[in-house]
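Take a look at the structure below.
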């Protein structure tokens, strides 16, 4: 009886150690993922100092929005660029994100909101030029 009790206690101890090791390993993996995500998020904060930067960002955004034929209206509201689009499927979010914007929201089939930040006005002006005057 004592030997059986000792074996059960040993088995429980081994299981507890194994569970703890698995838990620590998962916690470390999650911490690594969080660290990587934070590093990616740090890249997203940009400040545009001159119009050449805004023009380049606007050019990339227009490509990601499906070209000037897909854009029907461009406005800004606070830190967001609000774009009315014609075809939902023509929008390439990866391309838009490559302009290092803060985020992309798609509130409806005919709308895209791009979070740019305090430099949204020069980007809007450049995008307006590309859409309406190019």
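The values are calculated or read from the model by the stated rules, or taken from the named source; none is laboratory data. None of the values given here were measured: they were computed from a predicted structure. Virtual Cβ from ideal backbone geometry, glycine too; neighbours counted across all protein chains shown.
Remarks
- Taken over the range 73-96, the residue count meeting the criterion of being touching a residue at least 24 places away in the same chain (Cβ under 8 Å), under 18 Å from residue 123 (Cβ atoms) and touching a strand residue (DSSP E or B) at 6+ places or on another chain (Cβ under 8 Å) is 13.
- Considering 74, 112, 131, the condition of being surrounded by 15 or more Cβ atoms within 10 Å (Cβ to Cβ) and modelled with pLDDT under 90 is satisfied by 131 alone.
- Single residue of the range 47-71 satisfying the filter (surrounded by 15 or more Cβ atoms within 10 Å (Cβ to Cβ) and part of a loop (DSSP other than H, G, I, E, B)) that is modelled with the lowest pLDDT: 48
- When 103, 117 are screened for being in contact with a strand residue (DSSP E or B) (Cβ under 6 Å, 6 or more places away or on another chain), within 19 Å of residue 55 (Cα to Cα) and either surrounded by fewer than 16 Cβ atoms within 10 Å (Cβ to Cβ) or assigned by TED's automatic domain parsing to the domain that holds residue 62 (or both), only 103 passes.
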